[in-house]
1. Could you say whether any residue in region 20-39 is open to solvent by less than 90 Å² (accessible area, probe 1.4 Å), assigned to a loop (DSSP other than H, G, I, E, B), farther than 28 Å from Val112 by Cβ and at pLDDT below 85?
2. Does region 92-109 contain any residue that is at pLDDT 85 or above, over 30 Å from Asp126 (Cβ atoms) and in contact with a helix residue (DSSP H, G or I) (Cβ under 8 Å, 6 or more places away or on another chain)?
3. Just to be sure I understand, how many residues within region 100-125 are in a loop (DSSP other than H, G, I, E, B), open to solvent by 70 Å² or more (accessible area, probe 1.4 Å) and under 23 Å from Thr142 (Cβ atoms)?
4. In this structure, does Lys128 turn out to be part of a helix (DSSP H, G or I), touching a helix residue (DSSP H, G or I) at 6+ places or on another chain (Cβ under 8 Å), open to solvent by less than 100 Å² (accessible area, probe 1.4 Å) and modelled with pLDDT under 90?
Amino acid sequence: VPRVRVPRRPCLGVCPTDWLNVFARPGAHSTSDDDSKYRRADSPEEGYDSERAYWDARSPIVRFGRFLEARGLWTAEEETALRKTERAASIKALNDAEKRAQPHVKHLFTDVLDEPPWMLRQQQADLKAHLAKYSEHYAEVTAEQIESM
């Protein structure tokens, strides 16, 4: 899959940063992310219990749900049923994914950028040396994987 690079330049209208402002993620970026490092516990504005409540009120998904409900196109019962069904499907997908083989360790460095910068290449070399030296502690990483990094 080719990666698309967007040059950093001023733009008019909607830019990637504008989208982030409009569609700010209310929770952590990933399961390994501790958003307490950059989220405030208190609300940025009066009338909300927390920053999370402040952003939840602005969620485009929540707003669109209210829009559909106001027009009789969606109900709370449909929402509950959909959430139950999709939660079960998500849990099944996670369980199925956990049964699959883990990706090659080299993809820690190849899943985002087409051409890794020098510091990522250095980190990859450091990891390769570390895995080779302490391979007995990394049973899930094969010698072939280490060699092909």
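1. no
2. No, there is no match, as no residue in region 92-109 is at pLDDT 85 or above, over 30 Å from Asp126 (Cβ atoms) and in contact with a helix residue (DSSP H, G or I) (Cβ under 8 Å, 6 or more places away or on another chain).
3. If we filter region 100-125 for residues that are in a loop (DSSP other than H, G, I, E, B), which is where we start, we get 100-104, 109-117.
Still in the running and open to solvent by 70 Å² or more (accessible area, probe 1.4 Å): 100-103, 111-112, 114-115.
Add one more test, that the residue is under 23 Å from Thr142 (Cβ atoms), and what stays is 100-103, 111.
Qualifying residue count for the region: 5.
4. Details: part of a helix (DSSP H, G or I): yes; touching a helix residue (DSSP H, G or I) at 6+ places or on another chain (Cβ under 8 Å): yes; open to solvent by less than 100 Å² (accessible area, probe 1.4 Å): yes; modelled with pLDDT under 90: no.
No; evaluated as a whole, the condition is false for this residue.
The values are calculated or read from the model by the stated rules, or taken from the named source; none is laboratory data. Owing to the predicted nature of the structure, the values given are computational and were not obtained by experimental measurement. Ideal geometry is used to build each Cβ from the backbone, glycine not excepted, and the neighbour counts take in all protein chains shown. These area figures cover heavy atoms from the full protein model, side chains too; ligands, DNA and RNA do not enter into them. Shrake-Rupley method; radii C 1.70, N 1.55, O 1.52, S 1.80 Å.
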